[in-house]
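Worksheet for the structure shown next.
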Amino acid sequence: MMKRIMIALVALLGMTTAFAGEEKSNAVEVSSVYNTNFNFRKLAETLRLSSDQRSIAEDVHNTFTIEMNNAAVAAKDDKREMVERAVANDIRNMRYVLNKEQLAKYVLLLNTTLENRGLK
């Protein structure tokens, strides 16, 4: 009888640990969707940014990253609105830095990234 209780206790402990580990893993996966860190040098090459444009665009992107990180830790009901606001602010600010062709390419890349991550 004691042996059965111990086996049940070990099984219960094992299932609880596995469940808690999976929950933490899912939280990390979900928050990683909002991570907007990427190789800015490659983006600058793709958009053919001048050094001045690159510097300013990098500052704008850092603001976007902060806003997306805030969305990642926000309440579930607020996430979508915060992402939409962050994207709108980013595009509005990039409009001051990039010319029409660069902005069109940037918006395409941004939308593709957001769609791939399930944020759009």
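Please treat every number below as a calculation from the coordinates, not as lab data. Model, not experiment: these values are computed from the prediction. Using ideal geometry, Cβ is built from the backbone for each residue, glycine included, and neighbour counts are taken over all protein chains shown.
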Selected residue (criterion: nearest to Y106 (Cα to Cα)) from residues of region 42-56 that are in a helix (DSSP H, G or I) and free of Cβ contacts under 8 Å to residues at least 24 places away in the same chain: A44
Tabulated pairs, region 63-79, first closer than 13 Å to L114 by Cα and in contact (Cβ under 8 Å) with a residue 24 or more places away in the chain, second crowded, with 16+ Cβ neighbours inside 10 Å and among the aromatic types (F, W, Y), C-beta under 6 angstrom, 6+ apart or interchain: M68/Y34
Among (1) farther than 18 Å from K120 by Cα; (2) touching an Asp or Glu at 6+ places or on another chain (Cβ under 8 Å); (3) hydrophobic (A, V, I, L, M, F, W, C), the one test that M82 misses: (1)
Members of region 57-71 that are more than 16 Å from L110 (Cα to Cα) and buried (at least 17 other Cβ atoms within 10 Å of the Cβ): A71
D90 vs. criteria outside any loop (DSSP other than H, G, I, E, B) and surrounded by 18 or more Cβ atoms within 10 Å (Cβ to Cβ): yes
Residue list for region 93-120, filter: assigned to a helix (DSSP H, G or I) and buried (at least 16 other Cβ atoms within 10 Å of the Cβ): N93, M94, V97, Q102, L103, Y106, V107, L110, L114
